[in-house]
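Below is one structure, written out as structure tokens; comments come after it.
The values are calculated or read from the model by the stated rules, or taken from the named source; none is laboratory data. Keep in mind that this is a model prediction, so the values were computed, not measured. Cβ coordinates were reconstructed from backbone atoms using ideal geometry, including for glycine residues, and neighbour counts include every protein chain displayed.
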Amino acid sequence: MQWPTFRCSISLSSLTRKGDQALDREKAILVGLDRPGLAENFETAMAELELLAETAGAEVVGVVTQRRPAPDPAYYIGPGKARELAAMMREQQLPLVIFMDELSPSQVRNLERLIEAKIVDRTALILDIFARRARSREGKLQVELAQLQYLLPRLIGLGKQLSRLGGGIGTRGPGETRLEVDRRVIRKRIASLQKEIQDIQRHRALHRRRRQRSGLPVISLVGYTNAGKSTLLNSLTGAELYTEDKLFATLDPSVRRGSLENGKTVLFTDTVGFIQFLPKTLETAFRATLEEIDSSDLLLHVVDLHHSDFETQIAVVRRHLERISPDYHTRELLVFNKIDLAGSASSYSWLKRHYPEACFVSARTGAGLHLLRRQIAAMLEVEHHQIKVYLPYAQSALLDQIRRRGQVIELDYQGSFVTVTARVEPALASQLLEFSFPPETAAQKAGQSRAGEGEENS
């Protein structure tokens, strides 16, 4: 496809207000760049940006789009379009511009000078939503770390309160000192937060080991934000977690007991929802939370069947899962949610042919949940084999893998090895075949083999 140098459009919606709450909402213009190489559909990405803006409390009154082969290094959009945007902002007296992609510090600086309005990129917008949604101490620490990591390289362009007095002779003054002080304070706070989050990781690892010793399978609910994970967890366990039809309504992971069709008790874990282009700072900060996914026995990948582009959302979630747990596909069960909103079963019958192993449910009405419980029970039985292996102490990494990916039943420490009885998935069981005999027995077998060869030679 041949891309022109640029093509642009501007649309300004009527300034409508929905109730008195809109009086306090900031009016915003959305700006997006349609360029080759976008992983997802541009219109879908812009629609999601609008949802993010509304979730953060903005009132979207206009959209500016431009088609270019690449972002402009100075203004993201072209300089001419940036001046046109600035004139429109002044004419309409609008305070906020939200950009579809993450901007570089120099782009933010240039746009602030030209437009004279608040410039917010996609990453800052998502961080703002996370800051609003975080409730637990762990969640607040993780969000603060992500915010500071995003803020540090951008201090110089954050407006008058942190800017320098000047850069020439006679203009060097306390502004530069203030900036360096702010940087040192932020770096020190980042180091402190990283230490606290490391403590959280150790605490979570301890809880995981306790759950593994309890012998209860752990099932993590993963999926795109607002797919209905928390509502499904409530329906499966009888819990009363907070739910709302908004992006990132819940951030803090929750663990609840539930039962399957065969009466077996399991643990269900709710996790943070994913989104397109999830900021790297958030992935890093929430690593302690996301590690729950890697140690789960089964992943329920919840999909919003009612969403117009749910197949793209499936692809986005799977890309995130691939980074967190490369073997996720061996433990994934697709769960198409919100069938009550999708019309008759015939309207999604093609999906049943395309995803024959998937379950179709309504977390809100309870439809299909008995079949989901039955499928979970069947997968848990198939996916785990009981093994007994003899690991030398030098193979402690394998013991860690068994703990993360399986269920340790018994440990028996011997002189030079540890005997491990566990239930693990077939892929891991095959990796451990060479440790099926005690080291002494293996040595004896090797000696016997050499003795036999000697006899034949003689």
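Quick grid of which residues meet (1) of a type outside the set (S, T, N, Q); (2) loosely packed, with under 15 Cβ neighbours inside 10 Å; (3) assigned by TED's automatic domain parsing to the domain that holds L333:
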| site | (1), (2), (3) |
| --- | --- |
| I186 | yes, no, no |
| I190 | yes, no, no |
| L193 | yes, no, no |
| H203 | yes, yes, no |
| R209 | yes, yes, no |
| G223 | yes, no, yes |
| A227 | yes, no, yes |
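Going by the conditions given, is R204 closer than 14 Å to S295 by Cβ and either at pLDDT below 80 or among the hydroxyl-bearing types (S, T, Y) (or both)? Taking the combined requirement at face value, the residue satisfies it.
This table checks each residue for (1) crowded, with 17+ Cβ neighbours inside 10 Å; (2) in contact (Cβ under 8 Å) with a residue 60 or more places away in the chain.
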| position | (1), (2) |
| --- | --- |
| V97 | yes, yes |
| P105 | no, no |
| R122 | yes, yes |
| R135 | no, yes |
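Condition test on V408, is it more than 20 Å from E292 (Cα to Cα) and not assigned by TED's automatic domain parsing to the domain that holds G258? No.
Pairing residues of segment 428-440 that are under 12 Å from Q395 (Cα atoms) with residues that are part of a helix (DSSP H, G or I) and of a type outside the set (D, E), at Cβ distances under 8 Å and at least 6 apart in sequence or on separate chains, gives L432/L398; L432/I402; F435/Q395; F435/L398. Surrounded by fewer than 12 Cβ atoms within 10 Å (Cβ to Cβ), in contact with a helix residue (DSSP H, G or I) (Cβ under 8 Å, 6 or more places away or on another chain) and modelled with pLDDT under 60, is that true of G159? In short, yes. For E84, the test of being of a type in the set (D, E, K, R) and either modelled with pLDDT under 90 or within 31 Å of the chain's Cα centre (by Cα) (or both) is failed.
Is it true that I115 is touching a Lys or Arg at 6+ places or on another chain (Cβ under 9 Å), surrounded by 17 or more Cβ atoms within 10 Å (Cβ to Cβ) and more than 23 Å from L278 (Cα to Cα)? So I115 passes the test. Picking from residues in segment 384-397 that are surrounded by fewer than 19 Cβ atoms within 10 Å (Cβ to Cβ) and under 14 Å from E425 (Cβ atoms), the one that is nearest to the chain's Cα centre (by Cα) is H385.
Criterion applied to G273, G263 was being under 28 Å from Y150 (Cβ atoms) and modelled with pLDDT under 90, and the one residue passing it is G273. Among the residues of this structure, S295 counts as one that is surrounded by 18 or more Cβ atoms within 10 Å (Cβ to Cβ), modelled with pLDDT under 80 and of a type in the set (G, A, S).
Listed by first and then second residue, the pairs with beta-carbon distance under 7 Å, at least 6 apart or on different chains, first residue in segment 331-349 and more than 23 Å from V424 (Cα to Cα) and among the aliphatic types (A, V, I, L, M), second modelled with pLDDT of 85 or more and assigned to a helix (DSSP H, G or I), are V335/L372. Just one of the numbered conditions (1) under 27 Å from the mean Cα position of the chain (by Cα); (2) farther than 16 Å from E48 by Cα; (3) among the aliphatic types (A, V, I, L, M) is not true of M100: (2).
If only residues of segment 384-403 that are touching a Lys or Arg at 6+ places or on another chain (Cβ under 9 Å) and not in a helix (DSSP H, G or I) are counted, the one that is modelled with the highest pLDDT is I387.
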